[in-house]
1. Would you compute, from DSSP H runs of 4+ residues alone, the mean residue ellipticity of the chain at 222 nm, taking -39500 (n - 2.57) per run and dividing by the full residue count, rounded to the nearest 500?
2. Can you give me the distance in nm between label points at R56 and E17, each placed 7 Å from the Cα along the Cα-to-Cβ direction?
3. With a 10 Å cut-off between alpha carbons and a GNM built on the chain, which of T57, T76, T45 moves the most?
4. On average, how much accessible surface per residue is there in the range 28-192, in Å², for a 1.4 Å probe, leaving out ligands, DNA and RNA?
5. Pick from S130, S95, S37: which residue has the top mean-square fluctuation in a GNM of the chain where Cα pairs under 10 Å get a spring?
6. Name the residue farthest towards the positive end of the dipole of the range 28-192 from the options Y79, A122, T45, assuming +1 on Cβ of Lys and Arg, -1 on Cβ of Asp and Glu, about the Cα centre.
7. Rounded to two decimals, what is the ratio between the C-alpha radius of gyration of the range 28-192 and 2.2 N^0.38 Å?
8. When you take every Cα atom in the range 1-87, what is the radius of gyration, and what is Dmax, the widest Cα pair distance, in Å?
Amino acid sequence: MQPLIDHARRFGQRPEEFAPHAAGQSPAVLFVTCSDSRVVPALITGARPGQLFELRTAGGIVPPYGTGSPSGEAATIEYAVEVLGVEDVVVCGHSHCGAVGALVRGEDLSAVPAVRDWLAHAAPDGAPGSPDDPAVTDAVHGHVLAQLLRLRSYPCVERRLADGLLRLHGWYYEVHTGAVLEYRSGSDTFEAL
Ligand SMILES: [Zn+2]
């Protein structure tokens, strides 16, 4: 923790650099990804403050819309789309994802019931993919596409898509190489960006 504190102390020594951000934000992209510490959206994309609106959840899961209870995830998506008017949404899965791996391997999550119940949102019937693949590549690819489908069930997303004001992107990030792949609907495969 100490190195992080030390860096944070030095970070605020250039206030003039950050002053313009007081005027507000107008990010063009909502970036949805896993909470995994190896995935650093600003590092991957080179984004500066104000450029990426982020939604990070365990497994990068987009919960179903309209379950009746308040949802921080739904609020984040709605705010990004309706208020900020983002033009693109990226759902970025990643290799070696613990959440997707737990689904693929059918791990016993009874000791972490909140995690178990949350993952049940993602794949109630279990995720496809090989339990022998430590990167769970195929499973994460399918997982990303499933989350993109979920996004489309949000009325605000559906409306903006219909109006041609929003684009959805499925990305796959390799934590062990730094490579980023993108889903191409034409070939139904993930290919280099
Ligand atoms: Zn993950």
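1. Working: 8 runs with 68 residues, N = 193.
Taken over the chain, the calculation gives -9500 deg cm²/dmol.
2. The two pseudo-label positions are separated by 2.0 nm.
3. Checking each option, the largest mean-square fluctuation is seen for T45.
4. On the way: 8070 Å² over 165 residues.
With all protein chains present, the range 28-192 gives 49 Å² per residue.
5. S37
6. Value computed over the given set: Y79.
7. Working: Rg = 15.3 Å, N = 165, 2.2 N^0.38 = 15.3 Å.
Relative to the 2.2 N^0.38 Å estimate, the range 28-192 comes out at 1.00.
8. When restricted to the Cα atoms of the range 1-87, Rg and Dmax are 15.5, 45 Å.
The values are calculated or read from the model by the stated rules, or taken from the named source; none is laboratory data. It should be emphasised that the depicted structure is a prediction, and the values quoted were computed from it without experimental measurement. All Cβ positions, glycine included, derive from the backbone under ideal geometry; neighbour counts span all protein chains shown. What goes into the accessible areas is simple: the full protein's heavy atoms, side chains included, and nothing from ligands, DNA or RNA. Shrake-Rupley method; radii C 1.70, N 1.55, O 1.52, S 1.80 Å.
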